[in-house]
Structure formats: structure tokens, C-alpha cells
1. Using alpha-carbon pairs under 8 Å, 6+ residues apart, how would you state the relative contact order of the chain in percent?
2. Can you list the equivalent-ellipsoid semi-axes of segment 101-227, largest first and in whole Å, using the square root of 5 times each Cα gyration tensor eigenvalue?
3. Give me the extension gain from GLU213 to GLU232: residue separation times 0.36 nm, minus the current Cα-Cα distance, reported in nm with one decimal.
4. Using only helices, what value at 222 nm comes out for the chain when you add -39,500 (n - 2.57) per DSSP H run of length 4 or more and divide by the total residues, to the nearest 500 deg cm²/dmol?
5. If each of ARG153 and ALA104 carries a label point 7 Å out from its Cα toward its Cβ, how far apart are those two points in nm?
6. Once phi is turned into θ = phi - 60°, what whole-Hz ³J(HN,Hα) does the Karplus curve with 6.51, -1.76 and 1.60 give for every residue of segment 248-264, x standing for Gly and Pro?
7. List the residues, sorted by chain then number, that are 5 or more residues from VAL258 or on another chain and whose placed amide H is less than 5 Å from its amide H.
8. Please state the shape class of the chain: rounded when a/c is under 1.5, otherwise prolate if a/b exceeds b/c and oblate if not, all from the C-alpha gyration tensor.
Amino acid sequence: MNAFDLKGKRIAITGGAGVLGASLAKGYADAGATVALLDLAADKAQELAKDLGNDHIGAAINVLDTDSITSSLEACISGMGGVDILVNGAGGNHPKATTGPDMAFFDIPKESLEFVSGLNLSGTILPSQVFGRHMVEAKQGNILNISSMNAFRPLTRIPAYSAAKAAVSNFTQWLAVHIAQEYSPSIRVNALAPGFFLTEQNRFLLTDKETGELTPRGSQILGHTPQGRFGEPDDLLGTAIWLVSDASKFVTGIVVPVDGGFSAYSGV
Ligand SMILES: NC(=O)c1ccc[n+]([C@@H]2O[C@H](COP(=O)([O-])OP(=O)(O)OC[C@H]3O[C@@H](n4cnc5c(N)ncnc54)[C@H](O)[C@@H]3O)[C@@H](O)[C@H]2O)c1
């Protein structure tokens with residue numbers, strides 16, 4: 001079991017103030033790691049870090065701005081001495097890039113498409129460049145990306161998000177190979193593909209704003225999830241700890257579904 005131990009590991013989590021990022025931060029801290037919660041919502045990230053204890057830090061990051069990413073790496077170096085593990089957790093969809101009665105696919109504005117694809121794809125690649133260089137200098141490291149069910153087969157209504165998450169899975173494989181071959185075979189890159197977790201980015205699609213009841217889409221998703229429920233943020237923890245710990249030291253370039261069976265079920 002020692003292979004799962006995260007004691008002494010320093011973990012930076014982008015999107016650390018989000019629902020899944022904050023849950024990962026708590027799980028990693030409970031497993032012995034020191035965590036840096038990095039988020040556009042810097043105040044919230046700092047508050048959450050304080051709740052975790054004195055060793056942990058919260059700092060601002062804009063995952064789309066290399067200068068901002070570099071400043072947050074510097075904050076991690078001065079606050080925790082460096083970063084061993086990067087979790088690329090910032091991401092999400094946007095209502096304006098979602099088809100529906102008020103938005104035909106043909107009318108989705110270019111800016112909305114670019115916002116969603118940029119946040120998910122560049123928002124994963126740019127921090128991997130900045131933190132990845134730091135890991136290469138230390139000759140060790142680990143990157144965990146967050147992909148999605150959309151990456152295996154696109155979901156209806158969210159074309160940019162689906163395409164961007166497919167690209168995140170592809171980039172996970174690309175970087176795993178590149179960094180192992182060109183820099184260090186002990187630096188690994190993997191991804192989680194969460195199934196359906198009820199959070200702020202998808203609440204408006206899965207539950208009714210007024211009644212809180214499931215929307216037809218929400219019911220359809222549960223009907224296609226053999227385990228019959230939405231995920232709880234804690235459901236990601238076991239896999240998230242495994243992928244960044246020595247327990248998975250011969251695993252790189254994979255995308256692991258944590259989905260209650262959604263991706264295995266054909267619907268029949
Ligand atoms: N919730 C789900 O069901 C689900 C399923 C599959 C994948 N995911 C993915 O998991 C990740 C976390 O999602 P979540 O559900 O916790 O969402 P969330 O909206 O709760 O958290 C996202 C966080 O990212 C931050 N953020 C947004 N733009 C940023 C930027 N430019 N720079 C830095 N931070 C920024 C936000 O402030 C927020 O705190 C995302 O990549 C999401 O696409 C979520």
C-alpha cells in the first residue's frame with residue numbers, strides 16, 4: 001500500500017476552486033500531499049487552501065495566459081518548494097456554445113466556440129508547458145489531465161466541448177510519449193475521464209432551474225449509466241490517487257473512465 005502514499009508530494013491543481021478540483025485537493029491532502037489550489041477565482045482558492053491547513057496554498061492562475069501560469073508556478077515554488085504533480089482541472093462548457101431551442105448549431109458564435117475549445121485544450125497544454133519544463137529540470141514529475149465521456153463519443157448539443165475533450169485525450173497520449181522519449185521515462189502523463197457529476201457547468205443541462213427535477217437529458221444520462229446515479233466528486237479520488245502515485249509507475253498515456261459504466265453500455 002505504500003506505493004499509493006503521497007507524503008512529501010507537492011501537487012498543483014488548476015481549477016482548484018471548482019467542484020472536482022476542490023474535492024481532488026482535499027483527497028490529495030488527506031493522502032499526505034501538500035497542495036496548491038490554482039484558480040481564476042483566487043480568493044476562493046485561497047479560502048479552500050486555508051481550510052485544508054497551513055501547509056497548503058491558494059493562488060491565482062489564468063490557464064490561458066503563460067505569464068499568469070509562470071507566476072503561479074513561482075507561487076508554488078516559494079510556497080511549497082516546487083511541484084511534483086500537475087492536475088489540469090480547469091475546464092468546462094459554456095451555455096453559449098450549446099445547441100438548443102434558442103441556439104442552432106449554425107448560429108453558435110465563433111467567440112463562444114473559441115472560448116470553450118481554448119479553455120479546455122490550450123488551458124491544458126499551456127500549464128503543461130510551464131509546469132512540464134519545471135518537472136523536466138527536476139527529472140521527475142507527473143501530469144494528470146481531465147478529459148470526459150465526450151472524448152470517446154461526442155454527446156449531443158456541445159460540439160466545441162466534445163471536440164476539445166477529444167483533443168485533451170489525444171494530447172495526453174502525445175505528451176506521454178514525447179516527454180518519456182525526449183526528457184525522462186519517469187515523467188508520466190495520464191487523464192481521468194469523469195462520467196456525469198452534477199456541478200455548476202452542467203447543472204443547467206441536467207436539472208430544471210425552477211424545480212430541480214431531472215431534465216429529459218438528465219434522465220437519459222442516468223438511464224445510460226448502469227450504476228444508476230450521478231458521480232459524487234469523491235468517486236474520482238481512488239483513480240486520481242492511483243494515477244499520480246508510484247502505484248501506477250508503469251502507466252503512462254492512458255485515459256481512465258470513472259463513469260459508473262456509461263462508456264461500456266451500448267444502450268441495449
Ligand atoms: N462535472 C462533470 O460532470 C465533468 C465531467 C467530465 C469532465 N469534467 C471536467 O472536470 C474539470 C472540472 O470541472 P468541474 O465540474 O469541477 O467544474 P467547475 O466549473 O466547478 O470548476 C472549474 C474551475 O475552473 C476555473 N476556471 C475557469 N476558467 C479558468 C481559467 N481560464 N483559468 C483558471 N481557472 C479557470 C473556474 O473558476 C472553476 O473554479 C473540467 O475540465 C471539466 O470539463 C467535469
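1. 18
2. Semi-axes, largest first: 33, 17, 12 Å.
3. Result: 5.1 nm gained on full extension.
4. -12500 deg cm²/dmol
5. It works out to 2.8 nm between the two label points.
6. Result, ordered by residue: 10, 5, 9, 10, 8, x, 10, 10, 9, x, 10, 9, x, x, 3, 6, 8 Hz.
7. The answer is ALA193, GLY195.
8. It is prolate, given that a/c is not under 1.5 and a/b is the larger ratio.
Read the figures in this text as sums done on the coordinates, not as results from a lab. Every value quoted in this text rests on a predicted model; they were computed, and no experiment measured them. Cβ coordinates were reconstructed from backbone atoms using ideal geometry, including for glycine residues, and neighbour counts include every protein chain displayed.
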